[in-house]
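A quick write-up on the structure given underneath.
What follows draws every value from the coordinates through simple rules; no lab data is involved. Note that the structure is predicted; figures quoted are calculated from it, not measured. As a convention, Cβ positions derive from the backbone with ideal geometry for all residues, glycine included, and neighbour counts pool all protein chains shown.
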Amino acid sequence: MESYSKNAILLLKLGVSFAFIYPAVSAFIDPSAWIGYVPMWVDQLIPREIFLPIFSTIEIVVALGVLFWNNPIPSIIAGAMLVSIVIFNKSEFSVVFRDLSIATMTFGLALLSRKK
């Protein structure tokens, strides 16, 4: 039974990590395809063209943390990022609603990875 649990956790980690790595890598390859998802108000703080690669780098670091670090912190950060994306992109809810499902997975991973 324990191997099933470990495999289930691995599948969750792979799924969450892919959800962060794919858009990050894609944003480096084709930023014009992703720049529209950065809220316009970000331009008041930092140009979106500068923000996007910074955010993409953070996404990759968080994904690697979720995948390789058996600690709840990366999963909590990932979940907070996803919930923030939904909150700050309410007008795009028809696209970002799936982030809530992935966020739920991250919080589950955080609970599963805490020290016993």
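Might you report the magnitude of the Cβ-based charge dipole of the stretch 2-113 about its Cα centre, with Lys and Arg at +1 and Asp and Glu at -1, to the nearest 20 debye? Before the final figure, lay out each step's value.
Working: 5 positive and 7 negative charges, 48 e Å.
I would put it at about 240 debye.
Convert each backbone phi in the stretch 42-47 into a coupling constant with the Karplus relation 6.51 cos²θ - 1.76 cosθ + 1.60 (shift: θ = phi - 60°), then list the ³J(HN,Hα) values in order as whole Hz, x for Gly and Pro.
Values per residue, Gly and Pro as x: 4, 4, 6, 9, 7, x Hz.
Which of rounded, prolate or oblate describes the stretch 10-58 when judged by the alpha-carbon gyration tensor and an a/c cut-off of 1.5? Present the calculation step by step, with values, prior to reporting the outcome.
Numbers: a/c = 2.80, a/b = 2.17, b/c = 1.29.
It is prolate, given that a/c is not under 1.5 and a/b is the larger ratio.
Set Lys and Arg Cβ to +1 and Asp and Glu Cβ to -1, take the dipole of the stretch 11-116 about its Cα centre, and tell me which of Leu82, Phe55, Leu112 lies farthest positive.
Farthest along the dipole direction, towards plus: Leu112.
Viscosity 1.306 mPa s, temperature 10 °C: give me the Stokes-Einstein translational D for the chain in µm²/s, with Rh taken as the Kirkwood radius over C-alpha pairs. Display every interim value, and only then the final one.
Details: Rh = 14.8 Å.
In µm²/s, the coefficient is 107.
What is the distance in Å between the Cα centroid of the stretch 2-48 and that of the stretch 57-116?
9 Å
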